[in-house]
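Q: Have a look at this one.
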Amino acid sequence: MSKNALEILNTIFGYSEFRLQQQEIIEKVISGQDAIVLMPTGGGKSLCYQIPAMVRDGVGVVVSPLIALMQDQVVALQQLGVKAAYLNSTLDAASASQIEQQLLAGELDLLYVAPERLMTERFLSLLEQAPIAMFAIDEAHCVSQWGHDFRPDYIQLSVLHERFPAIPRMALTATADAPTRREILRRLNLEQAGLYVSGFDRPNIRYSISQNQGNGREALLRFIRNEHENDAGIVYCLSRKKVEQTAEWLSSKGLTALPYHAGLPNEKRQRHQRRFLNEDGIIIVATIAFGMGIDKPDVRFVAHLNLPKSIEAYYQETGRAGRDGLPANAWMMYGLQDVITLRQMMEASEANETHKRVEHHKLQSMLGFSELTTCKRQALLTYFDDHLAEPCGNCDSCLSPVETWDASVVAQKALSCVYKTDQRFGVNYLIDVLIGKDNARIKQFGHDRISVYGIGKELDAIQWRSIFRQLIARNLLSVDIEGYGNLRLTETCRPILRGEETLMLRKETKAEKSKSRGRKSKHNIKAEHNALWEALRACRKTLADELKVAPYMIFHDASLMDMLERRPTTPAQFSNVSGVGQQKLKKYADIFLKVINEHEKEQGEATGSDGTIEETLRLFRSGMDIEGIATQRELKPATIYSHLIDSITQGEIELQKVVQLEEKEIALIQDTFLTFSNSEHKLKPVYEALEGAFEYDVLRCVRASLN
Ligand code: ADP
Ligand code: ZN
C-alpha cells in the first residue's frame with residue numbers, strides 16, 4: 001500500500017513540490033540509507049523524516065529533546081490525519097502503555113520520544129519487538145559538548161546504531177558549524193551517512209542592527225508600531241529585570257507584551273507561552289531562555305535589546321522569526337554598556353579558563369559583526385562557512401549604507417588617554433578626561449595635569465562612547481573585567497597609536513527613526529486585500545479556539561496568503577491552496593470558502609452599484625469569456641460571475657450563454673435544487689448530491705435562473 005513520497009507531499013501535506021534537497025534526502029532514507037541533514041530553520045526538515053516514516057513499513061521513531069515541540073508536532077500531524085503519537089514524562093502510565101501497544105502493533109506512522117526515555121533498557125527492548133521504519137534524531141547538535149544546547153543523553157544515542165544496525169538513521173539540525181558537524185558524525189556513528197547541507201541563508205529575514213544612543217525602548221516601540229502592528233514577535237533582553245520593565249512599558253503603550261523568564265512562577269510562564277502560541281499579535285519579552293521549544297511559524301519579528309553572546313546565538317535567536325518563509329525582521333539595538341556587562345557576566349561565571357577564552361572570542365566576533373558596515377548576511381553566512389556571492393539587499397548595511405570617516409586621530413587620542421591613565425579606568429572616566437571635565441575624582445588622581453586632559457573637546461560624550469564602542473568591537477581595546485570594566489590596550493592597537501594605519505569608523509546617524517524603511521504592509525498585503533485577510537484570520541481563530549489548537553495548526557499564514565492570491569470559490573480550487581491536503585480540504589474548505597465568497601459578494605455589490613455590471617455585460621455580449629473580462633477589468637473571476645448572475649436573475653442574459661452546459665445537465669441541476677429545496681436554495685447540499693460534478697459558480701448561475 002506504500003504511497004510514494006510525492007503523493008504524500010501533495011495529498012497529506014498539501015504542498016505541490018519539494019524544497020531544497022528534501023526529495024533527495026527522502027529518497028535516500030526510504031532506500032534504507034543514513035543521512036545527516038543540515039538545513040536552516042524553516043527549511044523544512046520535518047518532512048525529511050516524516051515522509052520516509054510514512055512510506056517505509058513500520059513506525060518512524062523521532063528523538064526530540066523538547067517536550068513542548070514534540071507535542072506541537074504531533075498535534076499538527078494529527079490535524080493532517082497522520083497517525084502520530086509521543087511518549088514523554090507528561091503522559092500518565094495508562095496513556096503511555098496504550099501508545100506502547102500501538103507501537104508494538106505497528107499502528108503508528110510516527111512516534112516522538114524524549115532521549116532519556118528512549119535510552120532505558122526497557123524501551124530499547126520494546127523497540128526490538130516493534131516494526132521500526134527509521135530513526136530520526138532531531139536537534140542533533142545537542143550531542144556537541146561545545147554547543148549551547150548540550151544534552152548528555154544525546155551522546156548515548158550511538159546505541160541505536162549498535163542495537164539496530166539495519167535501520168536507517170537520520171540526524172537533523174539547523175545549527176552546526178564545522179566542528180559541531182564533525183562531532184555529530186563521530187558521536188552518532190554516522191561517518192557513512194549521506195551529508196546534506198542546504199546552506200544557512202534565511203532570505204526572508206531582514207537583519208538590522210543599530211546602535212543604542214540611550215533611546216532603545218522608544219526605538220523598539222517605533223519599530224513595532226511602524227512595521228509590526230498586531231504581529232507576533234519576541235523581544236530578547238539580557239536580564240530578568242529588563243524583561244519585566246520592558247514588558248510593562250510596552251504594555252503601557254497599548255501593546256500586548258508578556259514577560260517570560262526563569263524567575264517567573266511556572267504556571268505564569270506556561271500561560272504566557274500558551275497565549276503567545278494561541279493568540280494573534282502577542283509579544284513575548286524574554287531572556288534568551290525563551291524559544292527553544294517554540295515552533296511557532298508566524299513569528300514576524302525578533303528584537304534584541306541587548307547584544308547576544310555569540311554569532312551562533314544571534315543566528316539561532318533571530319532564526320525563530322519567519323519560519324513560514326514570509327518576510328520577517330531581525331532587529332537589534334545595542335550599546336557599549338552591553339559589551340561591558342556581558343564581559344563581566346562571563347568573567348564571573350564558574351566556567352574554566354579555556355571555556356572563558358572561547359566565550360570571549362565568540363563575543364568579540366559578535367561585536368565585530370554588529371559593527372560591520374558591509375553586508376551583514378554575507379558576513380553571517382561566511383561565519384558558518386557558507387557563501388553569498390553578492391550583497392543581499394535585505395540587511396541594514398545594504399538598505400541604508402553607513403558612512404565612514406577617518407577616525408585615526410581621535411582613536412589615537414582615546415588610546416593615549418587609556419595609556420596615560422595607566423589602563424585602570426572605565427569609559428565614563430576616560431571620556432571625562434578627554435573632554436576636560438572639572439571634577440574632583442580627576443583632580444584627585446592628578447589627571448587634570450596630564451597631556452590628554454581636554455584634548456577631545458571637539459566631540460561630545462555620546463560621540464566618544466560610540467568611538468570607544470567601536471574600538472572595543474575592533475579589539476583595539478579590551479574590557480578588563482576584574483569587576484570595574486576598565487579598558488586596556490591590546491596588541492593590535494599599536495600601529496594605530498603610532499600613526500602607521502588609518503582607522504575608518506562608522507558615522508553614527510543621530511535619529512534612528514529616519515531609517516525606518518516603512519514596511520508597513522506586513523506580508524506585503526495590499527490594502528484592498530486587508531478586509532479579507534482579517535476575515536480569514538478571524539475564521540481561523542474561531543476554529544482554533546473551538547478545537548483548542550494553535551491557529552497555525554489550522555492554517556499557516558502562508559496558506560491564508562495563498563487564499564488571498566487565488567480567491568478559490570470551489571473545493572477543487574481550494575485544494576490547490578498551499579498547505580491544503582485531503583484532511584484540511586475535508587474539514588475546512590467549506591468554512592473558508594464561505595468567508596471568501598461572502599467577501600467577494602460584498603465586493604461585487606460594492607462595485608456593482610456604480611454601473612460596473614453593465615460594463616461586464618457589454619464585454620460578455622461582445623464575445624469575451626469570463627477569464628478575459630476578469631483580466632481586462634482587473635477584477636476577480638468570482639466578481640465577474642456575480643455580475644453575470646445578477647444579469648441572469650434580471651433576465652438580461654440567458655443561462656446557456658454563461659455556463660457551457662447541455663439542456664439535460666441544466667435540467668438535472670435545476671431538479672436537484674428543487675429536490676433539496678429550502679427557501680434559500682443552499683448550494684452545498686446540491687453540490688454534494690451531484691458529487692462535485694459541477695463547480696459552485698456554475699451552480700450559482702443555474703440557481704439564478706430559477707428565480
Ligand atoms: P524546520 O524544522 O527545518 O525549521 P519545518 O519542517 O518546520 O522547518 O518547515 C518549515 C515550514 O515550511 C513549515 O510550515 C512546513 O510546513 C513548510 N514546508 C516544508 N516543506 C515544504 C514544501 N516542500 N513546500 C511548502 N512548504 C513546506
Ligand atoms: Zn546585506
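Q: How would you classify the chain from its alpha-carbon gyration tensor, with a ≥ b ≥ c the square roots of the eigenvalues: rounded for a/c under 1.5, else prolate if a/b is greater than b/c, otherwise oblate?
A: Here the chain falls in the oblate category.
Q: For each pair in 587/682; 242/296; 376/420, compute the distance between the two Cα atoms and list the pairs where it is over 26 Å.
A: With Cα atoms farther than 26 Å apart: 376/420.
Q: Using modelled amide H (1.01 Å from N, peptide plane; none on Pro or chain starts), what sits under 5 Å from the amide H of residue 132, excluding residues fewer than 5 places away?
A: Those qualifying (amide H under 5 Å, at least 5 residues apart or on another chain) are 59.
Q: Another question about this same structure. Could you point to the residue in 382, 551, 630 farthest towards the positive end of the chain's charge dipole, with +1 and -1 charges on the Cβ of Lys/Arg and Asp/Glu respectively?
A: After comparing all options, I get 382.
Q: In degrees between 0 and 90, to the nearest 10, how far off the longest principal axis of the chain does helix 336-348 point, with axes built from Cα atoms?
A: 80 degrees
Q: Kindly identify the stretch 358-397 as rounded, prolate or oblate by the Cα gyration tensor criterion: order the square roots of the eigenvalues as a ≥ b ≥ c, call it rounded if a/c is under 1.5, otherwise compare a/b with b/c, prolate if a/b is larger, else oblate.
A: It is oblate, given that a/c is not under 1.5 and a/b is not larger than b/c.
Q: Counting only chymotrypsin sites (Phe, Trp or Tyr not before Pro) that sit in a DSSP loop (anything but H, G, I, E, B) with at most 14 other Cβ atoms within 10 Å, what is the longest stretch of the chain containing none of them?
A: In short, 151-483.
Q: Right, here's the next one. Could you pull out which residues in the stretch 564-605 have an amide N less than 19 Å from a spot 7 Å beyond the Cα of residue 650, following the Cα-Cβ vector?
A: What the label zone holds, given the 19 Å backbone N cut-off, is 601-605.
Q: Round to a whole angstrom and tell me the spacing of the C-alpha centers of the stretch 405-451 and the stretch 226-246.
A: So the two Cα centres are separated by 36 Å.
Q: Which length gain, in nm to one decimal place, applies between residue 166 and residue 182 when the Cα-Cα distance is subtracted from 0.36 nm times their residue separation?
A: Working it through step by step, the gained length comes to 3.5 nm.
Q: Let me ask something else about it. Let's see if you can work this out: charge +1 on each Lys and Arg Cβ, -1 on each Asp and Glu Cβ, no other charges. What is the dipole magnitude of the stretch 530-706 about its Cα centre, in debye to the nearest 20?
A: Rounded to the nearest 20 debye, it is 620 debye.
Q: Skip the ligands, DNA and RNA, and give the accessible area per residue of the chain with a 1.4 Å probe, whole Å².
A: 44 Å²
Q: So the label point goes 7 Å from the Cα of residue 249 along Cα→C-beta, right? Which residues of the stretch 299-343 then have their backbone N under 16 Å from it?
A: Answer for the stretch 299-343: 303-307, 332-338.
Q: Still on this model: Using a Förster distance of 35 angstrom, determine the FRET efficiency expected from the C-beta separation of residue 502 and residue 448, and round it to 0.05.
A: After rounding to 0.05, the efficiency reads 0.65.
Q: Let me have the relative contact order for the stretch 530-706, percent, based on Cα pairs under 8 Å that are six or more residues apart.
A: Rounded, it is 17 percent for the stretch 530-706.
Q: Relative contact order for the chain: what is it in percent, counting Cα pairs under 8 Å that are at least 6 residues apart?
A: Result for the chain is 11 percent.
Q: Right, here's the next one. Measuring from centroid to centroid over Cα atoms, what is the spacing of the stretch 127-156 and the stretch 1-79 in Å?
A: 17 Å
Q: Same structure again: Which Cα, out of 659, 689, 704, lies furthest along the positive dipole direction of the stretch 530-706 (beta carbon charges, K/R +1, D/E -1)?
A: Sorting the options by dipole projection puts first 689.
Q: Please report the net charge: other residues with Cβ closer than 10 Å to the Cβ of residue 167, K and R +1, D and E -1.
A: +2
Q: Also, I was wondering about something else. With a point put 7 Å past each Cα toward its Cβ, work out how far residue 422 is from residue 275 in nm, to one decimal.
A: The two pseudo-label positions are separated by 5.4 nm.
Q: Hey, another quick one. Could you give the nm distance between label points at residue 667 and residue 241, where each point is 7 Å from its Cα heading toward the beta carbon?
A: Using points 7 Å along Cα→Cβ, the separation is 8.7 nm.
Q: Same structure, new question: What is the stretch 5-197's relative contact order, in percent, from Cα pairs under 8 angstrom and six or more apart in sequence?
A: 29 percent
Q: Still on this model: Starting with the highest mean, order 209-216, 36-43 by the number of other Cβ atoms within 10 Å, averaged over the residues of each peptide.
A: Ranked by mean Cβ neighbours within 10 Å, highest first: 36-43, 209-216.
Q: Ignoring ligands, DNA and RNA, what percent of the 1.4 Å accessible area of the chain is carbon and sulfur?
A: 49 percent
Q: Note the angle between two axes, namely the Cα long axis of helix 67-79 and the longest principal axis of the Cα atoms of the chain, as a number of degrees from 0 to 90, rounded to the nearest 10.
A: It works out to around 20 degrees.
Q: Pull out a ≥ b ≥ c, the square roots of the eigenvalues of the alpha-carbon gyration tensor of the stretch 5-197, then state rounded if a/c is under 1.5, prolate if not and a/b is larger than b/c, and oblate in the remaining case.
A: It is rounded, given that a/c, with a ≥ b ≥ c, falls under 1.5.
Q: Then there's this: Quickly work out the residue 458-to-residue 690 label distance, labels modelled 7 Å from Cα along the C-beta direction, and quote it in nm with one decimal.
A: Using points 7 Å along Cα→Cβ, the separation is 8.3 nm.
Q: Okay, next question. Calculate how many DSSP beta bridges within the chain are antiparallel, expressed in % of all such bridges and rounded to the nearest 5.
A: Beta bridges within the chain, antiparallel portion: roughly 15 percent.
The values are calculated or read from the model by the stated rules, or taken from the named source; none is laboratory data. Since this is a predicted model, take the numbers as computed values, not measurements. Neighbour counts run over all protein chains shown; Cβ positions are idealised from the backbone, glycine included. For the accessible areas, the whole protein counts, side chains as well, though only heavy atoms, and no ligand, DNA or RNA atoms are used. Shrake-Rupley method; radii C 1.70, N 1.55, O 1.52, S 1.80 Å.
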